[in-house]
Amino acid sequence: MDTKARNALTKLLEAGNRATAGVRSTRPALTRSQLADYQATRSLADKEAFEAAMKAARAEGAVVLTWEKGFGEEGFIQRVELLDLDALAKMLGVETAAVRLEKAASQFAPLLPDFPVLKDVLDRWASLKKVRTFGPDDTQDWVDAAHIIRFMTAARENRTVDEPIREVSARLFKDSKRIEKLAVPVDILLTGDVDAENREALDVWQELGLFREEQPVRMAGRVVIVRTRVTARLDEPYGAFSTSSVIGLAGIPRMVMTIENQTTFHSEARRRHDEEVLLIYTAGMPTPAWRAMYVRLLGGLRPSVPVYHWGDIDEGGFRIASILAQDARSAGHTLQPWMMHPDDVPEDRRVKARPHTLERIRRFASAAGWGTLGEEIATAGFTVEQEGLPIVGGLGQPQ
């Protein structure tokens, strides 16, 4: 088929897809302006090749051709109107958007009970919108993403260590780098929201317990940690160990506080390593092995020991808090926020947030048991990263 004709008919197909999806109101057609290249040709052979393709489409019942008045088919085509979208797609050797969507829906059907957000993905595709660059042609990526989550979740209860991402990828797909290409669909399936803030791939993999290079847990404070081979006071300004080696505490700290970001943890570790407090760096989203260690540590403390979390005042920060709160509850403790109230954030550090983001913050705050705080942040209407907050005096005051 003539290249110019194929390109023109492909544009007509796309217009037909938009009309079928309800995102185009006018009848799909190629007008004179869209046929300008063809009409400007001075080569009879090129003209005839283009017209032969259009006549073939007409013969298939796909289009209606309107010719130049007074010249008939000796003149130039003035308009190509779409008559049958399916016939045009068949002629071009492609599938319509509706067919691609139907196939995607069929593949997603078994996954919907566990991942209802896939219904939102299909709705976006039905409107010919992509989900973070992923369209219906990428359906298998979402199926594989669901497979990864199910595999890692199934082993979570009995797993005390995280796993190398490339080993798991090779095991599941016989391709050691396959999983690393799927951060976006895995992220959306985990958050359950197509509009959630984009997370770094590292945070996505950590939530599942996957790593490219295993990182030790970092702790600070004047406390004694019981490990599999050593029981000793933490070094200054902090100590770092494999999560699976940490068994518990040999003493009772005045408080336990998790800190989401590295810069803040290092700063607080330098300032507070001689106090009888336990500071633990979560490294963003904590891994399943980290969470199991956290529950072990809290489980050995009496309920009167206060437990806090200090993180970003944004969607991701509150999602992390909701997960930590769940773990704290399972160990008999109530997680409290630290320096995460609007009053702790100067006006010049605040970043205006989208309504959707504020609603997500409210939702995760409620899940953490911080409903009032979530409402106050939503009312204030901002987000801020932990590193952007000034550290004043001691460890501040809990909310």
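The values are calculated or read from the model by the stated rules, or taken from the named source; none is laboratory data. Every value quoted in this text rests on a predicted model; they were computed, and no experiment measured them. Positions of Cβ are generated from backbone atoms using ideal geometry, with glycine treated the same way; all protein chains shown enter the neighbour counts.
Yes/no per residue for (1) modelled with pLDDT under 95; (2) over 30 Å from residue 384 (Cβ atoms):
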| site | (1), (2) |
| --- | --- |
| 122 | no, yes |
| 131 | no, no |
| 138 | no, yes |
| 144 | no, yes |
| 169 | no, yes |
| 175 | no, yes |
| 184 | no, no |
| 200 | yes, no |
| 203 | yes, no |
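Any residue in region 248-256 that is out of contact with any Phe, Trp or Tyr (no Cβ under 7 Å at 6 or more places or on another chain), basic (Lys, Arg) and surrounded by fewer than 20 Cβ atoms within 10 Å (Cβ to Cβ)?
yes
What number of residues within region 208-226 satisfy the criterion of being under 11 Å from residue 152 (Cα atoms) and surrounded by 24 or more Cβ atoms within 10 Å (Cβ to Cβ)? Outline the logic, then answer.
If we filter region 208-226 for residues that are under 11 Å from residue 152 (Cα atoms), which is where we start, we get 208-210.
When the remaining residues are screened for being surrounded by 24 or more Cβ atoms within 10 Å (Cβ to Cβ), the result is 210.
Final tally of qualifying residues: 1.
Being more than 20 Å from the chain's Cα centre (by Cα) and either in contact (Cβ under 8 Å) with a residue 24 or more places away in the chain or surrounded by 17 or more Cβ atoms within 10 Å (Cβ to Cβ) (or both) is the filter here; which residues of region 169-179 pass it?
If the condition is that a residue be more than 20 Å from the chain's Cα centre (by Cα) and either in contact (Cβ under 8 Å) with a residue 24 or more places away in the chain or surrounded by 17 or more Cβ atoms within 10 Å (Cβ to Cβ) (or both), then 172, 173 are the ones that fit.
Looking only at region 334-368, filter to residues that are among the basic types (Lys, Arg) and in a loop (DSSP other than H, G, I, E, B); which one of those is farthest from residue 312 (Cα to Cα)?
First, the residues of region 334-368 that are among the basic types (Lys, Arg): 349-350, 352, 354, 360, 362-363.
From what is left, the residues that are in a loop (DSSP other than H, G, I, E, B) are 350, 354.
Numbers: 350: 12, 354: 16 Å.
Restricting to residues being among the basic types (Lys, Arg) and in a loop (DSSP other than H, G, I, E, B), the top hit is 354.
Give region 105-134 a look and list any residue that's free of Cβ contacts under 8 Å to residues at least 24 places away in the same chain, surrounded by 13 or more Cβ atoms within 10 Å (Cβ to Cβ) and among the small types (Gly, Ala, Ser), or say none.
105, the sole residue that qualifies.
Working carefully through the options 227, 254, find the one that is assigned by TED's automatic domain parsing to the domain that holds residue 323, of a type in the set (Lys, Arg) and over 22 Å from residue 311 (Cα atoms). Steps first, answer last, please.
Values: 254 fails: over 22 Å from residue 311 (Cα atoms).
Answer to the selection: 227.
Any residue in region 222-240 that's under 13 Å from residue 297 (Cβ atoms) and in contact (Cβ under 8 Å) with a residue 12 or more places away in the chain: show its pairings with residues that are among the β-branched types (Val, Ile, Thr) and surrounded by 13 or more Cβ atoms within 10 Å (Cβ to Cβ) at Cβ separation under 7 Å, as long as the two are six or more apart or on different chains.
224/231; 225/246; 226/247; 227/246; 227/247; 234/223; 234/225
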